[in-house]
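Engineer: So that we are looking at the same thing, I have put the structure below in structure tokens.
The values are calculated or read from the model by the stated rules, or taken from the named source; none is laboratory data. Owing to the predicted nature of the structure, the values given are computational and were not obtained by experimental measurement. All Cβ positions, even for glycine, are placed from backbone atoms using ideal geometry, and neighbour counts span all protein chains on display.
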Amino acid sequence: MVQITYRIVEHDGGWAYQSGGTYSETYPTHDAARAAAVAVAREQKVPDEDTLIEYADSSGRWVTERADGHDRPEVDVEG
């Protein structure tokens, strides 16, 4: 099972949630960034149909793979 952790951090004069070196948009308060991270975490737990996904890996290379819509990650929010 994949584990994803979002950390609430200061970013660009405000607050953001971060995972794997990637930042969300900037929010004006810690509470707003945390609420957004909790909402994203909740959405990631919802099963869906199998589909092709594209994402940039940590080196910036684009990856395409088939995602099992029922293989959902474990998600935590820290901070």
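Engineer: Looking at this structure, is ALA37 modelled with pLDDT of 95 or more and either surrounded by 13 or more Cβ atoms within 10 Å (Cβ to Cβ) or in a strand (DSSP E or B) (or both)? Break it down stepwise before answering.
Structural biologist: Working: modelled with pLDDT of 95 or more: yes; either surrounded by 13 or more Cβ atoms within 10 Å (Cβ to Cβ) or in a strand (DSSP E or B) (or both): yes.
It is true that ALA37 is modelled with pLDDT of 95 or more and either surrounded by 13 or more Cβ atoms within 10 Å (Cβ to Cβ) or in a strand (DSSP E or B) (or both).
Engineer: I need the full set of residues from segment 44-79 which are assigned to a strand (DSSP E or B), of a type in the set (D, E, K, R) and within 18 Å of MET1 (Cα to Cα), in order please.
Structural biologist: Taking segment 44-79 and keeping what is assigned to a strand (DSSP E or B), we get 51-56, 62-67, 74-78.
Then keep just the ones that are of a type in the set (D, E, K, R); that gives 54, 65-66, 74, 76, 78.
Within segment 44-79, GLU65, ARG66, GLU74, ASP76 meet the criteria.
Engineer: What number of residues within segment 1-22 satisfy the criterion of being surrounded by 14 or more Cβ atoms within 10 Å (Cβ to Cβ) and farther than 14 Å from GLU78 by Cβ?
Structural biologist: Looking only at that region, the number is 2.
Engineer: Are there any pairs, at least 6 apart or on different chains, whose C-beta atoms fall under 6 Å, with the first in segment 1-27 and at pLDDT 95 or above and the second basic (Lys, Arg) and assigned to a strand (DSSP E or B), and if so, which?
Structural biologist: Close Cβ pairs (under 6 Å, with a partner that is basic (Lys, Arg) and assigned to a strand (DSSP E or B)) amount to GLN18/ARG7.
Engineer: Where the second residue is not hydrophobic (A, V, I, L, M, F, W, C) and the first is under 14 Å from GLY21 (Cβ atoms) and lies in segment 51-64, which pairs have Cβ atoms under 8 Å and are six or more apart or on separate chains?
Structural biologist: Pairs that qualify, where the first residue is under 14 Å from GLY21 (Cβ atoms) and the partner is not hydrophobic (A, V, I, L, M, F, W, C), are SER58/GLY20; SER58/GLY21.
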